[in-house]
Structure formats: structure tokens, C-alpha cells
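No value in this document is a laboratory result; all are computed from the given coordinates. Only a predicted model underlies this, so the values are computations on that prediction, with no experimental measurement involved. Because the Cβ atoms are built from the backbone with ideal geometry, glycine has one as well, and the counts that use them run over all protein chains shown.
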Amino acid sequence: MIVIKDLHKSYKMGSNSLHVLKGINFSVEEGELVAIMGSSGSGKSTLLNILGMLDVLDEGSYTLDGVPIKNLNETKAAQYRNKFLGFVFQSFNLINYKSAMENVALPLYYQKVGRKERQEKALKYLEQVGLREWADHLPSELSGGQKQRVAIARAMAAEPKVLLADEPTGALDSTTSYEVMDLIQKINDAGNTILIVTHEPDIADMCKRIVHLKDGVIVEDKKITQVRASQYV
Amino acid sequence: MFNKDRWKEIVEVLTSNWFRTVLTAFGVFWGILILIVLLAAGKGLENGIRSNFGDIATNTMFMWTQGTSMAYKGLPKGRRFTFKLEDVAAIRQKVPDLRFVSPRNQLGGFNGANNVVRGIKTGAFNVYGDYPDIINQDPMGITSGRFINQLDIEGKRKVAVIGEGVRASLYDVGEEAIGTYIKIQGVNFMVVGTYKKNSNDGNAEEVQKEIFIPFTSFSQAFNQGNNVGWMAITANDNSSITQLKEQIFTVVRENQKIHPQDLRAVGHFDLYEEFNRVLGLFKAMRWIAYFVGILVLLSGVIGVSNIMLIVVKERTKEIGIRRALGEDPWSIKLQIIMESIFLTIISGMAGISFGALVIYLINYFLASNGPIEMFVNPSVGLGVVLVALIILVVSGLLAGFIPAQSAIKIKPIEALRTE
């Protein structure tokens, strides 16, 4: 599903440049649930941004579902993001003047799906995350866990190939974190490919594979036995 | 572009901070209001001046003799001469595109002695010997009876058409004037009609105190032979008297044996030229109104642009999210520009409407407090409103352009990082 070869990325900081990713080789099969771990500055967010086409790579190649991702202009990148990827952010990033349903319907709107179909689909995904009756509420009326579930519903709404989650539990307490992880595991069980960036070991243990990043290189890549979040809920 | 969601969002964004939106809108509102009011005031002044010209055919020139200033063909300079009926015939024959060539004779005049008598009443009036055409050049409303006609001319009938002012001085209130006789310098004329002229000028009173008699009767009664005192010449609508007048002078100079270069022998007053000069003034005034109005509007538009920049700044994160979710950058750009145009048009429409109200009120007060000299019916045409709308759309576009550009300039990843 994802194939990355010899990926390099550096940032220019004035006169000196910061080499963040130093040759990453990495691939993800369909249906995997991968945790990317590492301390601050290890390059894990940068890797996720490149995977999410929010940032461009300097060297190497990136292939997503057989499509080489390179030399994208903004319009093309937006199309690919919309078609291939779903994003879940640490700070939820819901649009605060739109209701839960409208937030979930947004990616479908960008796909130019009709209004009625959009609403039906949005409600379906809200139902999956257990927030059907909160459809008309604004984000400000929801709890942190609920917001993140709306964000996950939104990421799923466009039926992406890969779900990218950047510290999805970073702003949540542990009970809520496990609820969210339970949801993510269920989505993964349904066959979706998911990448999670986290620095919390217990969250990483709930994935099927852990990739450790340190100073811009992969130091460890192992498959693990998944801890089900449902047992904590 | 015209889907419901987009409009919903525009309204949501603009109503999220009412106070700011209204303040911003006020700049555009004010600009367009000033543009409309300035144009209307200019129009009011123009209408006032136009009505001062009265109903007179404006494509007209008046021509009289002044004495030669150059010797020619053995004739001395300083020679006095008079137009003859032959001059009139020659002009009609040789100069094309003339609608009316009216020879006129005149008795009396400003501060003249009493020259008209009826019974024991007397008065001093201008008495004109005229052809029937004159009513088309110097229009008047016939209030009773008729005007001079061709039969009067041919029969040299001693008939007169008198102004309402003349009637007021020579007749008692309610007395029938038609069919009665008045004595003009000792010659009896029968009154066959009365008139009233339209004029907003200072001489409104004066122009009602005139008497028109057939040109031929005038010549016979007052020993003018075939002399012509002066002429009123009107050109056809599609040509201008200002261009034709040189040809007319040439004909007159030939006929009267005047030196071709003698410019002072024939005096004239070109109403058309005068009228055009005034119209030119109004054209200039209109340009000034547009100039000032658009400059004021511009400051309003800059205000809109400024606010849109702030809105974009405030929504940086949201724009980042939306781009991460896959919104086309063009769609974001379009959104910002449409917000800007929408705000501009709404406030501009409010300005136009309020301007219309102001004009209505001015007209209302003009109507209730009597007319003001030189200011009649200030108004703007539909054309002006259309131009104003076009200006609004263009300025909304300009106001939204820079903010829209800055909205998509920032990368989605940076936009997402902002708090």
C-alpha cells in the first residue's frame, strides 16, 4: 500500500540546514495498523506529513497504492489527499462553526458528492462512531473524546486508502484514549490501513506493528501481538 | 459556484462578527452614496440650466447687421446696411440642412415708450413681425384663439397674437380678447390669439408681454418695405448651426457686397454653441463626480480588503484543515473572493438605495418649498446604477484578490501548525 525508499528530508533554518530524515526505507501492507514511535525531534511528524502529502520529500521515492507521489502541484495534492488519505489530528481540527455532521461531510463536499448523499453518508459514519444523535451539535458542545470520534468519522467519510493519525490520543485522558483506540482497532479490523504517530507506549502496544524512529532513521521495526483496547473500556 | 453550501458559508463567515462586517460595509456604503448623490446633484443643476434655456430650439442662431468694417467694391467702410427679403431667399436656396429661416422685424423693446393702445389703456410691448415658423423656434403655448398662419402672411391681414401679460395690462379680468382691436402705433390690429411662454429664466414676466403680427402686415403698416430686422435660423436636427453658420454669412456677404474677410459686418448669437458649452460643463462635472465618488469608494474597498486579510489570517488554521481534507486551493480562493464581492455588493446596494432615498427627500423638499433657481429634479438614471454596480463588482473582485492570494500562499502544513 505504501512504499518508501531512501527518503531524505531536511529543513533550511537560515544558513544551516537541519537534516531531519536520513534515508528511510519503509513499507506498509494493506490492512496494517502501524505505530510510529519516537521522541521529540526524531522526525516522526515529518514522516507523517510527507506520507500525508502535506510536505514534500527532498530525495527518495514514495508510492501510494501504486501511484508515485512526486512533483505534485497544490491542486493535484489536494485531489490525492482527498482520494487516498484520511487525517486525524492531535487537536482534532474540527471546523468550529460547522455541526458534527457538516464536519464529517466536508471531504465528500470536496469530492463534489451531492448534498443529500453527503448527509446520508455523514450520518452513517457518525453512527459508526456512536455519535448519531450528536449530528447537529457544534464541536464546542462535544467532549474531547467525542470530538476525536467526529474527526475519525470525518477521516473515514471519504473512504480513504490510508488513515493517518498524528497523536490521536495526545490531548485525551487515558480512558478516552482507550475508547478512541478501540474505535481505531475496529476500523482496522474492517480492513483499513492505519498509521498512528504516538509517543505513548501503551497506545503503540494496541497496534500490530511498531516502527521506532530515532534521529531520522528507523532503529527498530517489529510486529507485535496487539493489545485490545476494549478490555480497558 | 452557486451552490447552497458556499452561500451558507459566506453568510456564516460574514455574520460571525456583525459589528466588524457592518463597519466594513459602511466604507463601501458611504462611497457609493457619495457617488450617487454627487451625480444626482450634478443632474439637478444640469436640469436647472436646461430649463433656463426654456423651450427654445437650441440648434438656432440669431443674426443681425452691424455695419461694415472694411471697404469693398467701391463702398466705404462703416456703411450701414439692412437684411432684405432677398437675403432670406438666397440663404434658403444656397445653404442646405436649414430647418427654419425666419426673418423678423421688431418694434419697441426694452424701456420703449408706450406703443400700444386699447381704449384708455396703454402699454409698451415688443411687437414682432413674424412668419408662422417662429412658433417652432421660440415655442409658446396658445391659450386661446390661434397663431399667425400662412393666409395672414399672404393677405397681409392686420391680426395680432398677444401674450398673457399684454392681455393683463390691456384688458379687464375675464374680458374676452379674441376679436377685439388694439392699436399698435396708430394702426388697428385684431387680436386672434393669446399665448403663454414657458420660461424659468429671470425674464419670465417679460416674455409674456410680446405681440406677434404677420411679417408682411408689419412691413406694410410700419413702412419697412422688404427690410428684415434680424433673422432666427434653425438647422436640421442632424446638423449643427455652428457648422452651417459660416456658409450663411458667406451668402449674406455676397448679397450685401461685403468684403469676404469682413467678420464684423454681421452680428450673431449662436445658441447652439452656448448650449454646448454649458453641456460641456456638465460633462466635466459628471467626471468630477465619478472621480470623487470612486476615490471615496476606493477607501471603502481598501477597508474591505483589509478586513478580508484579517479574516483570512483568523481562518488560517481552518483553511489548513480544509486543504488537508482535500479542498482545491482554487475553491478556497473563490470562496474568499466571493465573500468580498458579496460584502461589497450588499453594502453598495444599501448605498444605492439610501442614495435614492436622499434624492427622493431632496425632491420632496424642492416640491414642497417651491423651486430653487437653477436646481431642478436631481436624479440618477438606471445607467448610472448599472455603472455603479459594475464598479462594485470590480472593486469587490480587487478587494478579495490579495486576501485570496494570501489564503492559499501559506502551505497547509504551516496553516495547520498555527494556533
Checklist entry - Per Stokes-Einstein, at 4 °C and 1.567 mPa s, what whole-number D in µm² s⁻¹ belongs to segment B:319-419, with the Kirkwood radius over Cα pairs as the hydrodynamic radius? => result 77
Checklist entry - Percent of alpha carbon pairs in segment A:129-204 separated by more than 20 Å? => result 28
Checklist entry - Relative to the longest principal Cα axis of chain B, at what angle does helix B:18-52 sit, 0 to 90 degrees, rounded to 10? => result 10
Next on the checklist: Could you identify which residue out of A:Thr176, A:Thr198, A:Thr75 has the top mean-square fluctuation in a GNM of chain A using Cα springs shorter than 10 Å?
Outcome noted: A:Thr75
Checklist entry - Once amide H atoms are built 1.01 Å from N in the peptide plane, which residues 5 or more positions from B:Arg99, or in another chain, come under 5 Å H to H? => result B:Thr234, B:Ala235, B:Asn236
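Once the Cβ-Cβ distance between B:Leu366 and B:Lys121 is put in as r, and R0 is 45 Å, what FRET efficiency do you end up with, to the nearest 0.05? Please list the in-between numbers first.
Details: r = 39 Å, r/R0 = 0.86.
Plugging the Cβ-Cβ distance into 1/(1 + (r/R0)^6) gives 0.70.
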Checklist entry - Most mobile of B:Gly48, B:Gly300, B:Gly141 per a Gaussian network model of chain B (Cα springs, under 10 Å)? => result B:Gly141
Next on the checklist: Give me log10 I(q)/I(0) at q = 0.22 Å⁻¹ for segment B:135-266, Debye formula, one equal scatterer per alpha-carbon, no solvent.
Outcome noted: -1.28
Checklist entry - Can you list the HN-Hα couplings for segment B:74-90, worked out from phi with the Karplus curve (6.51, -1.76, 1.60; θ = phi - 60°), rounded to whole Hz and with x for Gly and Pro? => result x, 9, x, 7, x, 6, 7, 8, 10, 5, 10, 4, 4, 4, 4, 4, 5
Checklist outcome for this item: Expected vector for segment B:175-180, Karplus 3J(HN,Hα) from phi with 6.51, -1.76, 1.60 and θ = phi - 60°, integer Hz, x for Gly and Pro, equals 6, 6, 8, 4, x, 8
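Can you give the FRET efficiency to the nearest 0.05 for B:Asn236 and B:Ser16, using r as the Cβ-Cβ distance and R₀ = 56 Å? Working shown, then result.
Numbers: r = 65 Å, r/R0 = 1.15.
Efficiency, from the Cβ-Cβ distance: 0.30.
Counting only other residues whose beta carbon sits under 12 Å from that of A:Asp215, what net charge do I get with K and R as +1, D and E as -1?
Values: positive: A:Lys22, A:Lys44, A:Lys214; negative: none.
Summing Lys and Arg as +1 and Asp and Glu as -1 gives +3.
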Item to check | GNM top mover of B:Leu309, B:Leu244, B:Leu386 - chain B, alpha-carbon springs below 10 Å | outcome: B:Leu386
Checklist entry - With θ set to phi - 60° and the Karplus curve 6.51 cos²θ - 1.76 cosθ + 1.60, what are the ³J(HN,Hα) couplings of segment A:24-39 in order, to the nearest whole Hz, using x for Gly and Pro? => result 9, 10, 6, 9, 10, 8, 5, x, 7, 10, 10, 9, 9, 10, x, 7
Item to check | Cα pair distances of chain B binned at 10 Å [whole percent] | outcome: 4, 16, 18, 15, 12, 10, 9, 8, 5, 2, 0
Next on the checklist: Please list, ordered by chain and number, the residues whose modelled amide H lies under 5 Å from the amide H of B:Gly67; skip anything fewer than 5 residues away on the same chain.
Outcome noted: B:Phe81
Item to check | Cα centroid of segment B:321-336 to Cα centroid of segment A:160-233, whole Å | outcome: 30
Checklist entry - Using only Cα atoms, what is the ratio of the radius of gyration of segment B:242-358 to 2.2 N^0.38 Å? => result 2.26
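When N is the residue count of the protein assembly as shown, what does its C-alpha Rg come to as a fraction of 2.2 N^0.38 Å? Present the calculation step by step, with values, prior to reporting the outcome.
Details: Rg = 45.0 Å, N = 652, 2.2 N^0.38 = 25.8 Å.
This ratio for the protein assembly as shown stands at 1.74.
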Checklist outcome for this item: Counting only DSSP loop positions in segment B:129-221, the GluC sites (Glu not before Pro) whose Cβ has at most 16 other Cβ atoms within 10 Å are B:Glu175, B:Glu176, B:Glu205
Item to check | Where only C-alpha atoms are counted, convex hull volume of segment A:1-143 per residue in Å³ | outcome: 161
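With the Cα gyration tensor of segment A:182-233 in hand, convert its eigenvalues to equivalent ellipsoid semi-axes via √(5λ) and list them largest first in whole Å.
21, 12, 9
Need one number: the % of Cα-Cα pairs in segment B:1-109 sitting beyond the 26 Å mark.
Values: 3684 of 5886 pairs.
More than 26 Å apart: 63 percent of the Cα pairs in segment B:1-109.
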Checklist entry - Given the C-alpha centroids of segment A:4-38 and segment A:77-107, what is the distance between them in whole angstrom? => result 24
Checklist entry - What 222 nm value per residue comes from the helices of the protein assembly as shown, counting each DSSP H run with n ≥ 4 as -39,500 (n - 2.57) and dividing by all residues, nearest 500 deg cm²/dmol? => result -15000 deg cm²/dmol
Item to check | Quotient of C-alpha Rg and 2.2 N^0.38 Å, computed over segment A:66-197 | outcome: 1.02
Item to check | segment B:305-372 - Kirkwood radius from inverse mean 1/r over Cα pairs (Å) | outcome: 15.2
Next on the checklist: Please give the Cα centre distance for segment B:27-56 versus segment B:86-141, rounded to the nearest Å.
Outcome noted: 36
Checklist outcome for this item: Expected sort for B:128-136, A:66-74 on mean C-beta neighbours within 10 Å, highest first, is B:128-136, A:66-74
Checklist entry - When the convex hull of the C-alpha atoms of segment B:73-146 is computed, what volume per residue in Å³ does it have? => result 180
Checklist entry - Among rounded, prolate and oblate, which fits segment A:105-169 when a ≥ b ≥ c are the square roots of the eigenvalues of its C-alpha gyration tensor, a/c under 1.5 means rounded, and a/b larger than b/c means prolate? => result oblate
Checklist entry - What's the angle, to the nearest 10 degrees (0 to 90), between helix A:174-189's Cα axis and the longest principal axis of chain A? => result 80
